[in-house]
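These notes concern the structure reproduced below.
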Amino acid sequence: METIITNSKARHEYHIEETYEAGIVLSGTEVKSLRAGKGQIRDAFARVENDEVWLYNAHIAEYSHGNTANHQPKAPRKLLLHKREIRKLFGTVAVKGKALVPLSFYWKNGKVKVQLAVGQGKGIADKRETLKKRDSDRELQQAIMRRR
């Protein structure tokens, strides 16, 4: 499992509750662009619509050697999940404050997969608490390393 791109903002903005592995429908130029590492999912989110899951605002740059059949960088992309997973996601995301966010794109058996997470939005106080905890953990690790 080789990671292509990650969403660094997702774990800062959301309490991650569940994760799912989803396939994604891509064209050839999108796959080639991802192979070159030209993607960004920082502002991306997913929605359940008509028993299908769609990924929005995922930016996959146009392929540099593409011709007139090149893809649109921010086009909505269909995610592939089992029907029971889609139904479960629909029920979970219907709760106020929950969102579907992509955590990463990665390769699995030659196919691009998306790690999709159900997240509860964090408030400002929660974000500050996370930063404080991260800082204290870092200081603790540095103190341990100095002692050695």
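Where a number appears in this text, it was derived from the coordinates with a stated rule and is not lab data. Every value quoted in this text rests on a predicted model; they were computed, and no experiment measured them. All Cβ positions, glycine included, derive from the backbone under ideal geometry; neighbour counts span all protein chains shown.
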Which of K32/K88; K108/K132; K38/K132; K9/K132; K88/K111; K38/K88 exceed 27 Å between C-alpha atoms? The answer is K32/K88; K108/K132; K38/K132; K38/K88
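Count charges around G39 for me, please; just the other residues with Cβ under 14 Å from its Cβ, Lys/Arg as +1, Asp/Glu as -1. Present the calculation step by step, with values, prior to reporting the outcome.
Details: positive: K32, R35, K38, R42, K74, R77, K113; negative: E2, E30, D43, E62.
Net of charged neighbours comes to +3.
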Cβ-Cβ cut-off under 15 Å around L140, Lys and Arg +1, Asp and Glu -1: the net charge is +4
In units of 2.2 N^0.38 Å, the Cα radius of gyration of segment 1-128 is 1.07
Debye calc, one equal point scatterer per Cα of segment 31-82, no solvent, log10 I(q)/I(0) at q = 0.18, 0.29, 0.31 1/Å comes to -0.63, -1.11, -1.17
Measuring from its Cα centre, the chain shows a charge dipole (+1 at each Lys and Arg Cβ, -1 at each Asp and Glu Cβ) which, in debye to the nearest 20, is 440
In the chain, taking the dipole from +1 charges on Lys and Arg beta carbons and -1 charges on Asp and Glu beta carbons about the Cα centre, the listed residue (G28, I144, F90) farthest towards the positive end is I144
